[in-house]
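Colleague: Quick one: the structure is below, and I'll ask about it shortly.
The values are calculated or read from the model by the stated rules, or taken from the named source; none is laboratory data. Since this is a predicted model, take the numbers as computed values, not measurements. Positions of Cβ are generated from backbone atoms using ideal geometry, with glycine treated the same way; all protein chains shown enter the neighbour counts. We work out accessible area using only protein heavy atoms, side chains counted, and drop any ligands, DNA or RNA first. Shrake-Rupley method; radii C 1.70, N 1.55, O 1.52, S 1.80 Å.
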Amino acid sequence: MKPTIQHIASTPADVALVQNIGNYVQQIRISQNKTQAEIATAAGINRSTLVKLEAGKGVQLISLVQILRALNQLHLLTAFTFEQPISPLAAVKMQLANRQRASKNTTNLQH
């Protein structure tokens, strides 16, 4: 049997969050004294995508990232950075691999 994918409907909270993101993008754009066309061009997207986001409508995640980059606001996404913890065994292996010893000088130095 083929597994089915269950669709989760948007909640009012989801819609409100998308609207907040759109409002934020619009306010940052205006505070930077940039037009929608300027940000859209810098982001490499259609102006209609930015209009849609600022109106509180959903856009593709990659478009949001491009818009945030154009607004110099990518730092907002740092909360999504995940660093894989290193196991103690892996840490020891890395230390051993990086360990360096001074080599013996095989030539005699004459004074």
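Colleague: Check every one of the helices (runs of 4 or more DSSP H) wholly within the range 30-92 and list those with 3 or more residues that are at pLDDT 95 or above, hydrophobic (A, V, I, L, M, F, W, C) and within 23 Å of Thr11 (Cα to Cα).
Modeller: Once the helices (runs of 4 or more DSSP H) in the range 30-92 are filtered for at least 3 residues that are at pLDDT 95 or above, hydrophobic (A, V, I, L, M, F, W, C) and within 23 Å of Thr11 (Cα to Cα), what remains is 47-54, 61-70.
Colleague: I would also like to ask the following. From the residues in the range 28-52 that are of a type in the set (Gly, Ala, Ser) and under 16 Å from Leu71 (Cβ atoms), which one is nearest to the chain's Cα centre (by Cα)?
Modeller: Residue satisfying both the conditions and the ranking: Ala43.
Colleague: Hey, can you tell me all the residues within the range 28-55 that are open to solvent by less than 30 Å² (accessible area, probe 1.4 Å) and in contact with an Asp or Glu (Cβ under 9 Å, 6 or more places away or on another chain)?
Modeller: Listed by number, the list holds a single entry, Arg29.
Colleague: Select from the range 1-27 the residues that are closer than 16 Å to Gln66 by Cβ and hydrophobic (A, V, I, L, M, F, W, C) and write down the one among them that is surrounded by the fewest Cβ atoms within 10 Å (Cβ to Cβ).
Modeller: Of everything passing the filter in the range 1-27, Ile21 is surrounded by the fewest Cβ atoms within 10 Å (Cβ to Cβ).
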